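See structure below.
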Amino acid sequence: MNQARVDIAPMTNERLFDATYKVVAGGSSSNMRNLGLQTPLVVDRSAGCRIWDVEDNELIDVNMGYGPHLFGYGDPDVLGVVAERLRLGAVTGIPHRLDHEAGELIAASVPTIEQVRFANSGTEAIASALRLARLITGRTLVVTFEGHYHGWSETVLRKAAITNSGEAPTGAVAGAPGMIPEALAHTLQLPWNDPTLLDEAFAAYGDRIAAVILEPVCGNAGVVHAQPGFLEQVADLTSRNGALLVFDEVITGFRVALGGAQELFSMRPDLTVISKVLGGGFPVAAFGGSTEIMAPLARNEAFHAGVFSGNHAAVNAAVAMLGKLRRNLPVYNALEVNGSYLEQRLAEVFGAAGRAVRIARCGSIMSVALLTRPQCSNAAFDPAVPLIDFAAHRGLQLLCQEAGLYFHPNPLEPWFLSTAHTRDELDIVVSTIEQSLARL
Ligand SMILES: Cc1ncc(COP(=O)(O)O)c(C=O)c1O
């Protein structure tokens, strides 16, 4: 891969960010990314688990571009292949020989997928999957859970359970001004891990519910596992009420196991959405299920399209990534071992510094959040989030960023480990946190 620097020196992070801000609204193309770096950080290049800013400062990254790079940034086995594909033609708008290979690899890896459709982002794939669920069931109501993020399309974007600044929104609020308020009438948001309310919702609306969509491990609000039996309860209620179960495995797909969270927890969703690790850093997403579930798409009754959906470069990235994963299955065990090591070392460091912290993890997905006081139970979503000390977390983030470690300033954004995070890097992460805590 070409690691050459873009020639923009002698720009500083601050000057370049200000210049960008003038021509890119908000300074970046995602509101998630505009959420409050206190000191501007403008990236020049990345490799392995490191990024370099435009002042040539080197940082270890545990945000890792929100999760796609399981083998680290710039993996030549994936992105090198894509680079060659770009030369050979990335979009012809005609079926490509690689489509078959990618479809077979996904079907062989994800237990419940027989057929897929490709898309460019998780948001798109989820919007299409939910539309398909609504078409199949002839119903419109979709159940979502607090804290779970399913992209920014009209019916699923609600205000997060708590905002970055720590203020809690009131009730179910559209996630962004300008959205069609009535669209939210077709989703019902429930608390995560509340079996009683789930039962009640199905008792009241069971014949109106088209689908339940969830992150099998809630990565977008602190890596919160489902309580024992909760996923099974959702599966049972959906199947008994003629609704579809949709697993949003945008984060967990190919990350927690080759077959994703459904393999890890032995679950059988009707539809599955995958992205992130699927492309190894190249933008690609897909949704899929049984041939029967996908039949309305095959018959052209359900609509899903896109000039770049299933473009040859994206599909080639998926083929390269899945091929590599299938040749390297011990990678999941290695990531679990390293994740467990980091979790333990961080717990020691925060404990020694006398700081209340919540650390949660599923394999290589972690959440680290400073709390205002110790939490009684680590498991449930609700008790943890109100205790998060957003201000202290941002203070720690800033000190770490200055000291060469980057994690997201929003404590609800997960950390992602890659195979490029060796013990040496993890020890640097721990010592940087230790020293920054002492200065906090
Ligand atoms: C669980 C989950 N679903 C959906 C999405 C949306 O994916 P995208 O940002 O590619 O549209 C994300 C993005 O982070 C996600 O974490």
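What size of dipole, in debye to the nearest 20, comes out for the chain about its Cα centre when the only charges are +1 on Lys and Arg C-beta atoms and -1 on Asp and Glu C-beta atoms? Present the calculation step by step, with values, prior to reporting the outcome.
Working: 32 positive and 45 negative charges, 81 e Å.
Its charge dipole is roughly 380 debye.
Measuring nothing but how far apart in sequence close Cα pairs (under 8 Å, 6+ apart) lie, relative to its length, the chain scores a relative contact order of 21 percent. Taking every alpha-carbon pair under 8 Å whose residues sit at least 6 apart, segment 76-327 reaches a relative contact order of 32 percent.
Work out, step by step, the length gained on full extension between Ala295 and Leu440: first 0.36 nm times the residue separation, then minus their alpha carbon distance; give nm to one decimal.
Details: separation 145, 0.36 × 145 = 52.20 nm, distance 5.66 nm.
Additional length available on full extension: 46.5 nm.
Can you tell me how segment 76-327 classifies by the Cα gyration tensor, rounded, prolate or oblate, using a/c under 1.5 as the rounded cut? The shape class here is prolate. With a/c under 1.5 counting as rounded, go ahead and sort segment 112-153 into rounded, prolate or oblate using the C-alpha gyration tensor (a ≥ b ≥ c being the square roots of the eigenvalues; past the cut-off, prolate if a/b is larger than b/c, else oblate). Taking the square roots of the gyration eigenvalues as a ≥ b ≥ c, segment 112-153 is oblate.
Summing +1 for each Lys or Arg and -1 for each Asp or Glu, what net charge is found among the other residues whose Cβ lies under 12 Å from the Cβ of Glu124? Net local charge, Glu124 excluded: +2.
Tally Lys/Arg at +1 and Asp/Glu at -1 over every other residue whose Cβ is under 11 Å from the Cβ of Ala201; what's the total? Intermediate results must be reported in sequence, preceding the final value.
Working: positive: Arg208; negative: Asp194, Asp199, Glu200.
Neighbourhood net charge equals -2.
Taken together, the values in this text are just the output of simple stated rules run on the coordinates, not laboratory data. These numbers come from a predicted model, not from an experiment. Glycine gets a Cβ as well: all are built from the backbone with ideal geometry, and neighbour counts include every protein chain shown.
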